Amino acid sequence: MKIRSYAGITKPSFLLVHPELPALTSRNPQFTSLFTLRIPCNREKLTGMITRSQYSVADRRSATRYGDSLSNKNTNRLGPRQGGSSSLYSRPSLLDMKNDRMENRARVYEFLRGIGIVPDELDGLELPVTVEVMRERVDFLHKLGLTIEDLNNYPLVLGCSVKKNMIPVLDYLGKLGVRKSTFTEFLRRYPQVLHASVVIDLSPVVKYLQGMDIKPDDIPRVLERYPEVLGFKLEGTMSTSVAYLVGIGVARREIGGVLTRYPEILGMRVGRVIKPFVEYLEDLGIPRLGVARLIEKRPHILGFGLEERVKPNVQSLLEFCVRKESLASVVAQYPEIIGIDLKPKLLSQQSSLKSVIDLSPEEFGRVVEKMPQVVSLSDRPMMKHVDFLKNCGFSLEQVRKMVAGCPQLLALNLDIMKLSFDFFQTEMQRHLDDLVDFPAFFTYSLESTIKPRHKMVSKKGLKCSLGWLLNCSDEKFAQRMDYDTIEMEEMELLPSFDMNTLTEPRSYDSGSDYDDSDDDYV
């Protein structure tokens, strides 16, 4: 059945338009007359539709009354600006939130003070809102080996989240190869690493180190030795220090080995540390390329404090009769001499040699010039060598002369010295005075040098000094074997350090470019 108007329903038992429902109206009167409404034939369906409509309206009435009730209850507490709000829930004011944060922080501070941590530096730092979370952080740091003292030294580490900061950083270091056994010392030296982003901060530094030809297997050792490098900017100190070293003559292919052995260079400022050090050694008489070679072999010398250690040590050498023109040779032979606590060692060695072989201050100065490593020798081994020479039949005066001429006698292997002396007596059958004149005899190899040369000279029937026999290269000795007589000008001085050896071209025939060949001097 179709109804052409609103009033066309014949059965008054129900009303289609509820007074609280929105009425369907139109400003166009023709629209009402043309509107057609279809009435379901099924009475039960029609009744259900009206019932559901009534329940829906009732629900909205109830919700409206409940909201008004909440609004009225909170009017006084929220104040006049929020009292008229129709929100179904109330939000705490900014003052309430601030008070809550202060109360939570006070509880956290109380917990920290209770375990011995002074939280004064934590003001303004975002901290956990509960004591339980802070306790978790402290326990995690304790498991890493950090003590309360460590945390007090850098309390800002307590602002790092275990899950968001600490674990990702430690996992990254572990994957690089940094040993877990070194984590404690690593974090003590550079706790700031826990604030770092693996992607933004740490990974770029590692890639930079690899770009400096540091081998992947050496990266973790570099980080363990100098964790502070992870906080440097790539375009800052690191790049300038490397560029300066290359500029003074350090071979580019040696940079990786230099940084591996002494990564602290990456944190040194060129103008304040490296350049003044290099220029000071140049002033002593070491050529710049020679300084570069010293750095290649022993890069740690750059860590010797110029004002605190190097200059005072050089002054001490002068005070102990080392000649100014010999300073360059002394440093080039034994660079460590400008980095150790030198003056007490000089006093001790001078006193010992004075008491044992009556060495004068000037002679002690010559000893240091020829073998600066003498300052690091122990008294007991030196005395054994002096006793050996005495037992060979040398007088105290002869021993003194031999030591002054070749102080290496105080540091050689005693067993080898005994073999050489036995050959000297039984096969060469020379007088002891020959050894007094050329004590460096003991420094030559018995099998590769002394025996074959003695055999050739004996076969030729030549009579020569030990210096003429030994103090020359194999090529030079072969030329001498063509002589019929020995000229006086062929006699050579005792071997001394040649500064030119520092600037000779390097050989790269070895399998490893960066072998750490820090020889033991003593």
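The values are calculated or read from the model by the stated rules, or taken from the named source; none is laboratory data. Everything numeric in this text was worked out from a predicted model, so none of it was measured. Neighbour counts run over all protein chains shown; Cβ positions are idealised from the backbone, glycine included. Side chains are part of the model used for accessible areas, which takes the heavy atoms of the whole protein and leaves out ligands, DNA and RNA. Shrake-Rupley method; radii C 1.70, N 1.55, O 1.52, S 1.80 Å.
See the values below:
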| read-out | value |
| --- | --- |
| Neighbourhood charge, 9 Å Cβ-Cβ cut-off, centred on PRO335 and excluding it, Lys, Arg +1 and Asp, Glu -1 | +1 |
| Net charge over other residues, Cβ less than 15 angstrom from the Cβ of LYS275 (K, R count +1; D, E count -1) | -1 |
| In Hz, Karplus ³J(HN,Hα) per residue of region 419-430 (6.51, -1.76, 1.60; θ = phi - 60°; x = Gly, Pro) | 5, 5, 5, 4, 5, 4, 7, 7, 9, 7, 6, 9 |
| Solvent exposure, largest accessible area first (probe 1.4 Å, DNA, RNA and ligands not counted), of ASP341, ASP213 | ASP341, ASP213 |
| LYS163-THR501 pseudo-label distance in nm [points 7 Å out on the Cα-to-Cβ vector] | 6.4 nm |
| Electrostatic dipole magnitude of region 377-484 [Cβ: Lys, Arg +1; Asp, Glu -1; Cα centre; debye, to 20] | 80 debye |
| Euclidean distance between Cα centres, region 404-428 to region 293-362, Å | 27 Å |
| Principal axis dimensions, largest first and in whole angstrom, of region 412-492 by Cα | 36, 24, 21 |
| Restricting region 410-488 to GluC sites (Glu not before Pro) in coil, as DSSP defines it, with at most 15 other Cβ within 10 Å | GLU487 |
| Net charge contributed by nearby residues that have their C-beta within less than 12 Å of PRO439 (K/R +1, D/E -1) | 0 |
| Heavy-atom SASA rank of LYS297, LYS207, LYS175 (probe 1.4 Å, accessible area, largest first) | LYS175, LYS207, LYS297 |
